[in-house]
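Participant: My questions all concern the structure below.
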């Protein structure tokens, strides 16, 4: 799947959390999303003062919601392509948020807890990265047909 097809598919399947997404679909859409977020942040922040501009408080939430939903959808379908439940991602994401909140406390017990769980955090982060680079299961799996069954790579 090429970049244009991946972006179109990502938006067309924005609310589809079943089925599978190939690596190319995931990565092309994720790079597109990252470029959009970077562009929006560059435009809405004053580059000289690193201060939010007047439009920040209404543009950022709109762009975040509009881009996050299809990105989450393609991420879920990517997990499915590797024959893994996306509930694992939800658990990992919740864990990362919890660690972030503990760090925001800024006291000694929070730092201790972070040091205690930092190795687990790193392992879970790398599990996600590896899953995004692994090829999907060949042929159909419990989440649907192989994305390459109709359109072989090449």
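Participant: Which ones in segment 128-154 are modelled with pLDDT under 80, out of contact with any helix residue (DSSP H, G or I) (no Cβ under 8 Å at 6 or more places or on another chain) and closer than 23 Å to residue 92 by Cβ?
Facilitator: 129, 130
Participant: Taking the criterion of being closer than 19 Å to residue 135 by Cα and either modelled with pLDDT under 75 or part of a helix (DSSP H, G or I) (or both), would at least one residue in segment 89-99 satisfy it?
Facilitator: yes
Participant: Which residue out of 123, 40 is in the same structural domain as residue 18 (by TED's automatic domain parsing), part of a helix (DSSP H, G or I) and at pLDDT below 80?
Facilitator: Checking each option against the conditions leaves just 40.
The values are calculated or read from the model by the stated rules, or taken from the named source; none is laboratory data. Predicted, not measured: the structure shown is a model, and the values here were computed from it. We place every Cβ from the backbone using ideal geometry, glycine too, and count neighbours over all the protein chains shown.
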